[in-house]
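A.B. asks: Structure incoming, see below.
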Amino acid sequence: MFALGANTWIWGSPLDDGAVATLLPRLAAWGFDAVELPVEQPGDFDPGRAAEVLAERDLDCAAVIAVMSEGRDLVGAGADVEATQEYLRHCVDVAVRLGSGVVGGPTYAPVGAAWRMDQAERADVYARLRAGLRPVLDHAAERGVVLAVEPLNRYETSVVNTVDQALTALRGLPEEAVGLMVDTYHLNIEERSLAGAVHAAGHRIAHVQVCANDRGTPGADHLDWAGFLGALRDVGYRGALCVESFTAHTESIARAASVWRPLAESQDALAVEGLAFLRGALTRLGT
């Protein structure tokens with residue numbers, strides 16, 4: 001059975017030492033196996049202390065999440081590629097300290113970066129992405145970490161929206177160092193079938209995020225969960241499924257994720273009920 005985790009963004013942003021100390025024990029008490037830890041700014045939390053809390057509570061860090069805020073860019077005009085590479089290398093180092101083998105996120109451009117591209121320009125953008133990622137992948141591969149590149153929906157970027165585009169963008173890069181992070185929210189918008197997208201991504205899936213079609217509680221939605229989870233089993237995915245959602249009560253994250261209203265009765269309920277649904281769905285599937 002897949003390990004089940006949650007992202008700390010469900011409750012707030014940025015993740016700091018206080019949130020690590022309070023949230024991680026609660027996740028363990030609820031029965032989660034793992035957690036996603038976002039690194040918004042280097043130094044927001046102490047990775048050493050976070051590693052201690054994880055060990056104390058028998059939780060895994062399923063993935064470190066790279067946050068592509070303004071200025072972090074590998075492909076745009078005037079992008080500070082070296083600074084972005086340094087940030088991504090930092091995320092890799094945090095992952096190593098936390099015992100995680102994955103750094104995930106839209107590691108190509110700031111969330112919100114969108115412009116029209118013809119076929120030739122898109123090919124050039126993807127070439128710049130590959131060139132920008134190579135030094136980071138060298139650093140990651142030496143440390144046993146995989147970079148999981150996430151396609152985002154059309155309202156958040158125009159660079160990589162679909163599994164097919166992601167596979168095209170990463171073509172020629174070492175598969176042991178870079179794969180895909182797939183998220184049911186984005187897949188539901190951009191792909192014709194959740195299961196079809198998973199089968200297309202196949203063994204390149206390095207990490208999986210889950211939520212309802214409205215970014216709320218998994219299962220409180222119209223998604224084809226049986227098909228999606230069955231496809232993950234079919235392609236041999238063995239990583240975690242992590243609930244990623246957001247709170248409308250933190251202005252920065254509400255704006256970044258366009259979350260303007262509560263997505264569940266409470267943030268705790270979103271996590272706990274999502275966990276229960278996923279466990280039940282996996283049991284029914286026999287996974």
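A.B. asks: So Leu23 fits all but one of (1) more than 19 Å from Ser252 (Cβ to Cβ); (2) in a helix (DSSP H, G or I); (3) in contact with a helix residue (DSSP H, G or I) (Cβ under 6 Å, 6 or more places away or on another chain); what number is the exception?
C.D. replies: The number of the failed condition is (1).
A.B. asks: Is one or more of the residues making up segment 41-50 without any contact (Cβ under 8 Å) to a residue 12 or more places away in the chain, of a type outside the set (S, T, N, Q) and over 26 Å from Val111 (Cα atoms)?
C.D. replies: Scanning segment 41-50, I find no residue that is without any contact (Cβ under 8 Å) to a residue 12 or more places away in the chain, of a type outside the set (S, T, N, Q) and over 26 Å from Val111 (Cα atoms), so the answer is no.
A.B. asks: What number goes with the only condition from (1) closer than 16 Å to Val146 by Cβ; (2) in contact with a Lys or Arg (Cβ under 9 Å, 6 or more places away or on another chain); (3) of a type in the set (Gly, Ala, Ser) that Ala109 does not pass?
C.D. replies: (1)
A.B. asks: Moving to a separate point now. Residues that are touching a residue at least 40 places away in the same chain (Cβ under 8 Å) and surrounded by fewer than 15 Cβ atoms within 10 Å (Cβ to Cβ): does segment 146-154 have at least one?
C.D. replies: yes
A.B. asks: Would you mind stating whether Gly99 is surrounded by fewer than 24 Cβ atoms within 10 Å (Cβ to Cβ) and at positive phi?
C.D. replies: When the stated conditions are applied, Gly99 passes them.
A quick yes/no check of all residues on (1) of a type in the set (A, V, I, L, M); (2) touching a strand residue (DSSP E or B) at 6+ places or on another chain (Cβ under 8 Å); (3) within 17 Å of Asp268 (Cβ to Cβ); (4) surrounded by fewer than 24 Cβ atoms within 10 Å (Cβ to Cβ):
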{"residue": "His207", "(1), (2), (3), (4)": "no, yes, no, no"}
{"residue": "Cys211", "(1), (2), (3), (4)": "no, yes, yes, no"}
{"residue": "Asp214", "(1), (2), (3), (4)": "no, no, no, yes"}
{"residue": "Gly230", "(1), (2), (3), (4)": "no, no, no, yes"}
{"residue": "Asp234", "(1), (2), (3), (4)": "no, no, no, yes"}
{"residue": "Cys242", "(1), (2), (3), (4)": "no, yes, yes, no"}
{"residue": "Phe246", "(1), (2), (3), (4)": "no, no, yes, no"}
{"residue": "Glu251", "(1), (2), (3), (4)": "no, no, no, yes"}
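A.B. asks: For segment 20-41, name all the residues that are more than 30 Å from Gly230 (Cα to Cα) and out of contact with any Asp or Glu (no Cβ under 9 Å at 6 or more places or on another chain).
C.D. replies: Listed by number, the residues that qualify are Ala21, Thr22, Leu23, Val39, Glu40, Gln41.
A.B. asks: Further, regarding this structure: Pairs, please: C-beta under 9 Å, at least 6 apart or cross-chain, first residue closer than 15 Å to Ala195 by Cα and without any contact (Cβ under 8 Å) to a residue 60 or more places away in the chain and in segment 207-228, second of a type in the set (Lys, Arg) and surrounded by fewer than 16 Cβ atoms within 10 Å (Cβ to Cβ)?
C.D. replies: From residues that are closer than 15 Å to Ala195 by Cα and without any contact (Cβ under 8 Å) to a residue 60 or more places away in the chain, the pairs are Ala226/Arg284.
A.B. asks: Additional query: Return the total of residues in segment 28-65 being touching a helix residue (DSSP H, G or I) at 6+ places or on another chain (Cβ under 7 Å) and part of a helix (DSSP H, G or I).
C.D. replies: Number of matching residues: 8.
A.B. asks: Same structure, new question: Do you know which of the residues in segment 172-190 that are touching a Lys or Arg at 6+ places or on another chain (Cβ under 8 Å) and part of a loop (DSSP other than H, G, I, E, B) is farthest from Arg89 (Cα to Cα)?
C.D. replies: Gly172
A.B. asks: Please tell me if Ala195 is part of a helix (DSSP H, G or I), crowded, with 17+ Cβ neighbours inside 10 Å and touching a helix residue (DSSP H, G or I) at 6+ places or on another chain (Cβ under 8 Å).
C.D. replies: Yes: the conditions hold for Ala195.
A.B. asks: Looking only at residues that are small (Gly, Ala, Ser), more than 17 Å from the chain's Cα centre (by Cα) and not in a helix (DSSP H, G or I) in segment 223-254, which one is modelled with the lowest pLDDT?
C.D. replies: Ala248
A.B. asks: Shifting gears a bit: Out of all the residues in segment 255-287, which are modelled with pLDDT of 85 or more and over 19 Å from Asn213 (Cβ atoms)?
C.D. replies: Across segment 255-287, the qualifying residues are Ser266, Asp268, Val272, Arg279, Leu282, Thr283, Arg284, Leu285, Gly286.
A.B. asks: Now for a separate question. Could you grab me the full set of residues in segment 66-93 that are surrounded by 23 or more Cβ atoms within 10 Å (Cβ to Cβ), of a type in the set (A, V, I, L, M) and part of a helix (DSSP H, G or I)?
C.D. replies: Leu88, Val92
A.B. asks: Checking Tyr155 against (1) assigned to a helix (DSSP H, G or I); (2) more than 16 Å from the chain's Cα centre (by Cα); (3) under 21 Å from Ile65 (Cβ atoms): exactly one of these is not met. Which one?
C.D. replies: (1) is the only condition that Tyr155 fails.
The values are calculated or read from the model by the stated rules, or taken from the named source; none is laboratory data. Note that the structure is predicted; figures quoted are calculated from it, not measured. All Cβ positions, glycine included, derive from the backbone under ideal geometry; neighbour counts span all protein chains shown.
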